[in-house]
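Report on one structure; see the data block that follows.
The values are calculated or read from the model by the stated rules, or taken from the named source; none is laboratory data. Remember, it's a predicted structure, so these values are computed and weren't measured experimentally. FYI the Cβ positions are ideal-geometry reconstructions off the backbone, even for glycines, and counts take in every protein chain you see.
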Amino acid sequence: MKHHKTRRTALLALAMAFLAVAWVWDGFIAIGRFLAGLIPWTRFKQVFVDLVDWLPTPIVLLVFLLPLAIVEPLLALATVAIAMGYVVSGCIAWILLKVFGFGLIAVVFDLTKHKILKVKWFSWCYEKVMAFNYYAHRIVAPYTHAAAALVRRWRTRAAATAGKLPGAAQLAARFAARKRAANERSPMSFRG
């Protein structure tokens with residue numbers, strides 16, 4: 001029985017980590033789309049998609065892996081910087097490169113997905129990842145609903161407590177009234 005509980009806990013932790021990474025992945029795709037909307041990349045995106053359609057599928061797989069070829073050597077440089085004593089700047093560079101690489105892979109995947117999924121083994125892997133994504137959502141859903149209910153209770157309690165306490169406007173009005181009352185009082189006379 002204990003083995004089953006340990007396995008269930010480990011699977012739940014894995015599912016939560018997977019969903020966190022998937023959430024970050026979706027965020028990077030959204031950021032990439034937002035940036036593409038800000039910068040006149042619509043034409044670039046269309047040209048890139050047309051190029052992806054024109055290229056053979058193995059070359060598109062290489063295009064998909066291109067961000068790794070760019071980021072990984074720079075990560076090695078950041079690691080060398082950390083080893084040479086430049087810990088803070090090396091760590092900052094390492095973290096920024098990881099975020100940049102992850103985001104770039106997400107955007108490139110979004111642009112090349114329609115072509116890459118024609119590769120059988122890649123499509124199989126993608127289906128397995130999506131199946132686990134669905135499974136992870138099912139496992140985590142009861143905890144998500146419980147956490148949402150708890151946050152709703154806290155918000156209700158906080159609103160009730162805030163309703164009993166004077167708000168910032170009421171406190172400011174009281175302070176202003178006291179200030180006016182203090183200014184209207186006659187000054188104290190000093191005896192000399």
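Table: residues versus (1) exposed (fewer than 10 other Cβ atoms within 10 Å of the Cβ); (2) in contact with a His (Cβ under 7 Å, 6 or more places away or on another chain); (3) charged (D, E, K, R); (4) under 23 Å from ILE29 (Cα atoms).
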site	(1), (2), (3), (4)
LEU74	no, no, no, yes
THR79	no, no, no, no
MET84	yes, no, no, no
ILE92	no, no, no, yes
THR112	no, no, no, yes
ILE116	no, no, no, yes
GLU127	no, no, yes, yes
ALA141	no, no, no, no
THR156	no, no, no, no
When you look at PRO67, is it under 25 Å from the mean Cα position of the chain (by Cα) and modelled with pLDDT under 75, yes or no?
no
Quick check on segment 31-53. Is at least one of its residues surrounded by 14 or more Cβ atoms within 10 Å (Cβ to Cβ) and either touching a His at 6+ places or on another chain (Cβ under 6 Å) or modelled with pLDDT of 80 or more (or both)?
no
Under 9 Å between Cβ atoms, at least 6 apart or on separate chains: pull out the pairs that start in segment 122-141 with a residue that is under 12 Å from LEU12 (Cβ atoms) and of a type in the set (Lys, Arg) and end on any residue that is in a helix (DSSP H, G or I) and modelled with pLDDT under 85.
ARG138/ALA15
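Taking the criterion of being within 30 Å of ILE59 (Cβ to Cβ), modelled with pLDDT of 80 or more and outside any helix (DSSP H, G or I), would at least one residue in segment 120-136 satisfy it?
Step one: list which residues in segment 120-136 are within 30 Å of ILE59 (Cβ to Cβ), which gives 120-133.
Going one step further and asking which of them are modelled with pLDDT of 80 or more, we end up with 120-133.
With outside any helix (DSSP H, G or I) added as a condition, the list becomes none.
No, segment 120-136 contains no residue that is within 30 Å of ILE59 (Cβ to Cβ), modelled with pLDDT of 80 or more and outside any helix (DSSP H, G or I).
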Unmet criterion (only one of (1) modelled with pLDDT of 85 or more; (2) over 18 Å from LEU61 (Cβ atoms); (3) surrounded by 11 or more Cβ atoms within 10 Å (Cβ to Cβ)) for VAL88
(3)
Those residues of segment 99-137 which are in contact with a helix residue (DSSP H, G or I) (Cβ under 7 Å, 6 or more places away or on another chain) and charged (D, E, K, R), in sequence order
ASP110, LYS115, LYS118
